[in-house]
Amino acid sequence: MFKSGPESLFYSTQYLNRLNIRRVALPFMIEIQKLLTEKQAVISLSIPVRDHVVLIERIWTQLTPLNVLMDLSDQYLIDKIPSGLAILATYTEENCRMLLDAERYAAVEPRLRQICDSQGFCIGVNEQKIGLNSIAYPIFNGRDEGSGALVIAGLDAEDELALDSMLAGHLKRACENISGQLNYL
């Protein structure tokens with residue numbers, strides 16, 4: 001039997017450092033962070049890996065409690081977290097069904113329709129932690145399918161994370177700019 005050891009970090013960090021999406025997204029994440037200086041918030045970048053999303057970058061404000069940061073995992077099932085759902089909503093039904101079994105797809109399909117009706121935004125309320133609310137938007141990389149998502153998550157921030165909020169507008173513009181830059185690389 002084989003187990004991953006510390007040597008696997010050489011490969012994973014090498015891979016992360018070569019990801020264009022990470023390099024392009026980071027300045028936009030920092031710009032969003034500047035808007036949140038008085039909030040307890042985390043901005044994260046996720047990418048899909050099979051039927052999961054993996055958080056490959058996250059930044060936070062000074063007011064964000066350490067337990068919020070420590071409680072966040074680095075990987076989630078794609079159909080159980082706003083970033084994954086925002087990405088899934090960009091996939092064709094056929095691709096979703098190939099990725100998820102019938103039961104998982106049936107459970108998530110109404111929410112995917114809701115995300116499409118919300119112009120790609122996915123709102124999460126108390127999904128990762130009680131009191132932690134989030135808004136996610138997909139990033140595209142030369143295709144019609146999402147290749148990642150940015151998420152703003154904040155404690156007791158449901159008003160700031162509404163679809164018509166200033167933050168939602170900034171998040172959407174950031175993702176559109178990231179997508180545009182990725183298409184030129």
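Sorting S46, S165, S12 on the 10 Å Cβ count, fewest up front, what's the list?
With the fewest neighbours first, S46, S165, S12 line up as S12, S165, S46.
Taking Cα centroids, how far is segment 165-185 from segment 73-150 in Å?
17
Residue separation times 0.36 nm, minus the C-alpha to C-alpha distance between M166 and V49: what's the value?
39.1 nm
Placing +1 on the Cβ of each Lys and Arg and -1 on the Cβ of each Asp and Glu in the chain, which of L100, G124, G148 has its Cα farthest towards the positive end of the resulting dipole?
After comparing all options, I get G148.
What are the extents of the Cα atoms of segment 60-185 along their three principal axes, listed from largest to smallest and rounded to whole Å?
42, 37, 26
Mind listing the long-range amide H neighbours of H52? Cut-off is under 5 Å, sequence gap 5 or more, other chains count too, H placed in the peptide plane at 1.01 Å from N.
I78
Which trypsin sites (Lys or Arg not before Pro) does segment 1-74 hold that lie in a coil by DSSP with at most 10 other beta carbons within 10 Å?
K3, R50
Can you work out the FRET efficiency for the pair V125 and S4, with r the C-beta to C-beta distance and R0 = 25 Å, to the nearest 0.05?
0.15
Over the chain, what is the relative contact order in percent, taking alpha-carbon pairs closer than 8 angstrom and at least six residues apart?
Once divided by the residue count of the chain, the mean separation gives 21 percent.
No lab work stands behind these numbers, since they all come straight from the coordinates. Note that the structure is predicted; figures quoted are calculated from it, not measured. Quick reminder, even Gly has a Cβ in these numbers, built from the backbone with ideal geometry, and neighbours come from all protein chains shown.
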